[in-house]
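Worksheet for the structure shown next.
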Amino acid sequence: MSMQRDPDLDDVLQDEELVRIAGLLRATRRAEPPLDEAFRSSLRRQLMQQASGIGERRTPWWNRLMAPPSLAWAGAAAGVLLIASVVVYMSYQSPGVITLQITSPMADAHAVQLQQPILVSFNQPMNHPSTEAAVKITPATYVAFSWHSNTLAVQPTSGDLAPNTQYQVTIGPGAKTQSGQLLSSPKTITFVTQPSAPPPPSPKPTVRATPASQLAAEHQLASLPSGTTYYKPQWSADSATVYFVGGNGALDAVSISGGGVTALVPDGVSYPAIAPAGDRLAFVRAGTIEILTLAGGSIADAGPASHVTTLSWAKNQLLWGAGNGVYTASPGGPSQLASTPPGATVVSIAPDGAHAAYVEGDSLSVLDLSNAKSSRIGAGAFLGWSPDGSRLLYAGSNGTVVADTQGEVVATILSGEPAWSSKDEILIGNDTDLSAVRPDDYGLAKLSSGTYHLPAWAPNATSFTFVRGASLWSATAPAFAPEPPTLDQAASQVSAFMNARLNKQSNQAQAFLDSKGKQAYSSSGLPLFISGDATFSRFYVITQEITGRHPDTAWFVVRLVLTKDGLDVSHFDETLILQRDDASQPFLIDQATAGPTHDMGKGAEVVGVDVGSASVRIVFDSDLVPETVADGVVVLDGSGTRIGGASTYSNRTVVVTGLDLSPGTLYKLAVLTTVQDVGGRSVPSEYDLTFAGPAAGSSSAGQGDAGNPPSPEPSPSPSPAATPTP
């Protein structure tokens, strides 16, 4: 069958089946007469429309929505809406409005330096008069203003900020920008200033190694043959000659300036001990105690030596330890001074002849020769005595322990083999170096590298002997660095004690208390650690002074500041009395009392008191009204009578002159409620501070000589605009 193709239908009908049907219909011959030509055109049009609808295959509506053309139109519409929103928003805003921001590099800082202004920065130009008028400062302070760009500098007219003070600088809502915009809410900047003087040096400086030896005249004196029993060398009184036990037990002598060795006793010598005067030398030989007179060379028999374990002189008395106690020579023969427990061995007798050290198993004890009572010291080996016999050295688990004769630990110093000089310098030797340190562990310094065993000081506390290899050597040590002033030493102990309390380190804090001090900080006394809603956050010294000598006595009033939610809210003062019996001992807290708690920010506060024999200087945190000071800050004696002249005032400092304070006598400083700060606030309650008259020649450290204070200057007269009120 032949079918005539219609090109129009081919373009429209893409389906082959439709094309075939169309061809069949076209080719079919009908018996009827031909249809009207108009009908044919209409039918043709209808078939084309139906074919077009079937062949289109339409995409679902959601796919058409996500098609790129649809997304492009949607993005364009959203952009138009966003731009329209911004335009509408900005049309309702005032032109030039930017949120006003205030910052300061001092905000929330501690230990802010005193010699600087208070800096306040703004993020846009400010109206200077309105901003300065909006500044309020607590504590009340006369100030002057200056500007650098958008930063305001607030400078106290006295020159410096007050020490140990929490400042609060508030910019009030009255502050305006140059465009007239007001600060929406007050902005407060809080910070704390540093002390008026740097803290005292640490009692334990870091060891500083030296590249070269600091020793002089280091040289070999004599050889020590193999098998020689080593006994501590004995020095002549003039520190020029050394006596030692050499080969075969001979008692030899050698000059430290050089020369040969001289044998004084040929053999069999043990436990040599020279008399303090340097004229006689005792030793044990052949079961007998003998005494050699050095000037003539004669030897005297002092009695039998039964089980002697140590030999010593106390002044002109010869003492020795034996198997069951301590003995001394007497006209009738050996006399027992005190007995020791069975099995104990006396290892050394103190230079003052009052105590003896003995070991019993691994336990070290000290025997009081006056009453035969013993005190257990520890479990370490005995290492030596102090020159006066009041303290001893023994090997502890963490170093060489310095303790008194009752076993109370004074300090722990570097481990090694020590020797204690008459000038309270301890040499410590070992296989690798030689160091020096004070008995209170101050000033540790390395003197030389090398082997320095068993050092022994000469009476002059400059020369010393030591063992290196199989030889006896001598050398000269450099002068020891001077200790800091007595008051600084006491201050370092107070600082360490307070820091231990801040860190809640009980054992460390207890180490700074003597027996009476421990009783003061007990369950029935002052709390060692502060508890409550407000926490102990910082401390500073109100006053410090040396009030007595022999024993050294120091008086401190320390302020403990309590903080809540990051803000200092209250404080109270503790009065501490420290004592030490000897300059080589550290100060320990012997007495402690506490005053009442005061809320902060209620008026002028005393932040420092400098006591001298002729005057007392009182530093406040606020500028005061001068007219309220003369009779408002007074010094009273023990009977409550006012003493001294009129109080003068300048730059936050009150000076009471015309005093004649007696050392150790108690006085009272009273700041009465009539005293006002420049903000118009009176002291909320009377402030009393008890202090003692300073010892002769002493003054408070860090604030100059209170006995000769600078002449008061006239009170400042700032302009009213530079006088913020709290």
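The values are calculated or read from the model by the stated rules, or taken from the named source; none is laboratory data. What you see is a predicted model; the values in this text were computed from it and never measured. Here Cβ is always computed from backbone atoms with ideal geometry, including for glycine, and neighbour counts include all displayed protein chains. Quick note on the areas: whole protein, heavy atoms, side chains included, nothing else; ligands and nucleic acids left out. Shrake-Rupley method; radii C 1.70, N 1.55, O 1.52, S 1.80 Å.
Please determine whether any residue of the stretch 321-332 is crowded, with 18+ Cβ neighbours inside 10 Å, of a type outside the set (S, T, N, Q) and over 19 Å from V284 (Cα atoms). The answer is no, given that none of the residues of the stretch 321-332 is crowded, with 18+ Cβ neighbours inside 10 Å, of a type outside the set (S, T, N, Q) and over 19 Å from V284 (Cα atoms). Can Q493 be described as in contact (Cβ under 8 Å) with a residue 40 or more places away in the chain, within 30 Å of S422 (Cα to Cα) and open to solvent by 60 Å² or more (accessible area, probe 1.4 Å)? No, not satisfied. Within the stretch 419-451, the residues that satisfy the criterion of being among the acidic types (D, E) and surrounded by 16 or more Cβ atoms within 10 Å (Cβ to Cβ) are D424, E425, D433, D440, D441.
Can you find a residue in the stretch 151-170 that is among the polar types (S, T, N, Q) and exposed (fewer than 15 other Cβ atoms within 10 Å of the Cβ)? Within the stretch 151-170 (the criterion being among the polar types (S, T, N, Q) and exposed (fewer than 15 other Cβ atoms within 10 Å of the Cβ)), the answer is no, since none of the residues qualifies. No other residue among R501, R438 is under 29 Å from the mean Cα position of the chain (by Cα), charged (D, E, K, R), under 27 Å from W555 (Cα atoms) and at pLDDT 95 or above apart from R501. Within the stretch 181-197, the residues that satisfy the criterion of being part of a strand (DSSP E or B) and open to solvent by less than 30 Å² (accessible area, probe 1.4 Å) are I189, T190, F191, V192, T193.
A305 satisfies every condition listed in (1) open to solvent by less than 50 Å² (accessible area, probe 1.4 Å); (2) under 28 Å from G407 (Cβ atoms) except (2). For residues that are out of contact with any strand residue (DSSP E or B) (no Cβ under 7 Å at 6 or more places or on another chain) and exposed (fewer than 13 other Cβ atoms within 10 Å of the Cβ), scanning just the stretch 112-125, find the one that is farthest from H148 (Cα to Cα). Across the stretch 112-125, the extreme among qualifying residues is Q113. Of the residues that make up the stretch 574-591, is at least one open to solvent by 10 Å² or more (accessible area, probe 1.4 Å), modelled with pLDDT under 95 and at positive phi? Within the stretch 574-591, not a single residue is open to solvent by 10 Å² or more (accessible area, probe 1.4 Å), modelled with pLDDT under 95 and at positive phi.
The sole residue among I377, I413 that is more than 30 Å from G450 (Cβ to Cβ), out of contact with any helix residue (DSSP H, G or I) (no Cβ under 6 Å at 6 or more places or on another chain) and hydrophobic (A, V, I, L, M, F, W, C) is I377. Note on the stretch 228-273: residues that are over 51 Å from the mean Cα position of the chain (by Cα) and surrounded by fewer than 15 Cβ atoms within 10 Å (Cβ to Cβ) total 7.
The condition of being within 30 Å of R549 (Cβ to Cβ), modelled with pLDDT of 95 or more, surrounded by fewer than 22 Cβ atoms within 10 Å (Cβ to Cβ) and of a type outside the set (D, E) holds for only one of V619, V625, that being V619. When the criteria are applied in full, Y142 fails the requirement of being under 26 Å from the mean Cα position of the chain (by Cα) and crowded, with 17+ Cβ neighbours inside 10 Å. Taken over the stretch 394-418, residues that are open to solvent by less than 30 Å² (accessible area, probe 1.4 Å), touching a residue at least 24 places away in the same chain (Cβ under 8 Å) and within 15 Å of L444 (Cβ to Cβ) amount to 5.
Among the residues making up the stretch 452-475, those that are open to solvent by 40 Å² or more (accessible area, probe 1.4 Å) and either β-branched (V, I, T) or more than 14 Å from L221 (Cα to Cα) (or both) are H453, L454, P459, N460, T462. Evaluate the following for G680: is it farther than 21 Å from S158 by Cα and not acidic (D, E)? Considered against the rule, which asks whether it is farther than 21 Å from S158 by Cα and not acidic (D, E), G680 comes out as no.
Here the condition is being without any contact (Cβ under 8 Å) to a residue 40 or more places away in the chain and open to solvent by 50 Å² or more (accessible area, probe 1.4 Å); of T665, T657, T690, it holds for T665 alone.
Restricting the stretch 250-278 to residues that are in contact (Cβ under 8 Å) with a residue 40 or more places away in the chain, in a loop (DSSP other than H, G, I, E, B) and not hydrophobic (A, V, I, L, M, F, W, C) leaves a set whose member that is farthest from Q220 (Cα to Cα) is P276.
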